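Inspection log for the structure reproduced underneath, given as structure tokens.
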Amino acid sequence: MKASKTVKSSSPIGIFDSGIGGLTVADAIHKLLPSETLIYFGDTAHLPYGDKAPESIRAYSVRIADFLLEHGCKMIVIACNTASSIAYETVKEHVGGRATVIDVINPVVAEVSSMKKITHVGVIGTRATIRSNAYATRIVRQNESLKVSSLATPLLAPMIEEGFFNNKISRTVINSYLSRPKIKKIDALILACTHYPLIKAEINEYYKGNITIVDSAAIVARFVKQSLAASKLLHSGKAGKHRFYISDFTKSFEQSTKIFFKDKLKLEHKNLWK
Ligand code: DGL
């Protein structure tokens, strides 16, 4: 892999996820930093990552990072909790000094660990994210008075990807997961999967607004801004053309992307594994 050209403030921000989930992060970055150009990659050919072996998740992530570097990205945001928990160190090492690599877990851990009036935090995510124990270990390391209870909710990401949210089916699945004894009596819940902001309202409804729902998109967007500012790479002026790539074209992906970027978004099909 040849080194990318030297990055400039006008260079794009690369964002990737296994599917549409990372669009929640892309949307938050776009709203906070409208001058930045975004290049998004949704690895729909390999979705869901949550049930894949760690070696596969690392291999997919490194290949996508290369693709984003080929596009001259100044920053790579791993907008997927599963890839963040399994592949962050590998991607960071692979990318080296060519771009800044940001994951979605560390910024959220920092925020939650310093939240006031919270004693028991719940975490829901894919099997791989929960198995990695990344949130619980890091939160307790930063604030040992917090209790963390984690629950794998593997059906939620494919359900959302198939367009099932804000309906009877999604409410039934959500209620069945959230009523598990494991995450009873929590006062905050981390949505540890970038797909879940799409069902945030339904989750909030389940708790009747009584607990804090932590959704990483806005937290990560703020972290991206700080990090670009610190390395003097924040762009001002007009953004370039945003590009959205997927490794396998699916109709439901196309429909779901419109939730975030309306009809302005044009999907490009790119199979990196041919
Ligand atoms: N959006 C991804 C995450 O944040 C997971 C969905 C999947 O299993 O691919 O973990």
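Relative to the longest principal axis of the Cα atoms of the chain, the long axis of helix 22-32 makes an angle of roughly 70 degrees. Taking a straight line from the alpha carbon of Lys274, these aspartates and glutamates sit under 13 Å away, with near neighbours fewer than eight places off in the same chain left out: Asp248.
Since only Gly209, Leu234, Ile190 are under comparison, the one whose Cα sits farthest along the positive direction of the charge dipole of segment 181-242, derived from C-beta charges on Lys, Arg, Asp and Glu, is Leu234.
Among DSSP beta bridges lying fully in the chain, give the percent that are antiparallel, nearest 5. If we restrict to bridges inside the chain, about 0 percent are antiparallel.
Would the chain count as rounded, prolate or oblate if I go by the C-alpha gyration tensor, calling it rounded below 1.5 in a/c and otherwise prolate when a/b exceeds b/c, oblate otherwise?
Working: a/c = 1.63, a/b = 1.37, b/c = 1.19.
It is prolate, given that a/c is not under 1.5 and a/b is the larger ratio.
So how tilted is helix 54-70 from the main axis of the chain? Cα-based, degrees 0 to 90, rounded to 10. Computed tilt is about 40 degrees. Measure nothing fancy, just the Cα-based angle from helix 168-178's long axis to the longest principal axis of the chain, in degrees from 0 to 90, nearest 10. For helix 168-178, the angle is close to 70 degrees.
Rounded, prolate or oblate: which fits segment 141-209 when a ≥ b ≥ c are the square roots of the eigenvalues of the alpha-carbon gyration tensor, with rounded for a/c under 1.5 and prolate only if a/b beats b/c?
It comes out prolate by the Cα gyration axes.
Tell me whether segment 168-261 comes out rounded, prolate or oblate; compute the Cα gyration tensor, take square roots of the eigenvalues as a ≥ b ≥ c, and use a/c under 1.5 as the rounded threshold. Note, shape of segment 168-261 comes out oblate. Over the chain, what is the relative contact order in percent, taking alpha-carbon pairs closer than 8 angstrom and at least six residues apart? Computed value for the chain: 26 percent relative contact order. With K and R counted +1 and D and E -1, the other residues having a Cβ less than 13 Å from that of Ala152 yield a net charge of +3. Pairs exceeding 30 Å between alpha-carbon atoms, taken from Lys208/Lys251; Lys116/Lys208; Lys31/Lys266; Lys184/Lys225: Lys208/Lys251; Lys184/Lys225.
Using Cβ point charges alone (K and R +1, D and E -1), the dipole size of the chain about the Cα centre works out to roughly 440 debye. For segment 1-97, the Stokes-Einstein estimate of translational diffusion at 25 °C and a viscosity of 0.890 mPa s comes to 182 µm²/s, using the Kirkwood hydrodynamic radius over alpha-carbon pairs.
Along the Cα-to-C-beta direction of Ser145, a point sits 7 Å from the Cα; which residues of segment 87-113 have their amide N less than 18 Å from that point? Of the residues in segment 87-113, 110-113 have backbone N under 18 Å from the label point off Ser145. Placing a pseudo-label 7 Å from each Cα along the Cα-to-Cβ vector at Ile169 and Lys225 gives an inter-label distance of 3.7 nm.
Name the longest site-free stretch of the chain, where the excluded sites are GluC sites (Glu not before Pro) in a DSSP loop with no more than 15 other beta-carbon atoms within 10 Å.
Details: sites that count: Glu144, Glu162.
Result for the longest clean stretch: 1-143.
A cut-off under 11 angstrom between Cβ atoms defines the neighbours of Ile13, and their net charge, with Lys, Arg +1 and Asp, Glu -1, is +1.
Read-outs: derived from the displayed coordinates by stated rules, not from any lab. Just so you know, these numbers come straight off a predicted model, no measurement behind them. As a convention, Cβ positions derive from the backbone with ideal geometry for all residues, glycine included, and neighbour counts pool all protein chains shown.
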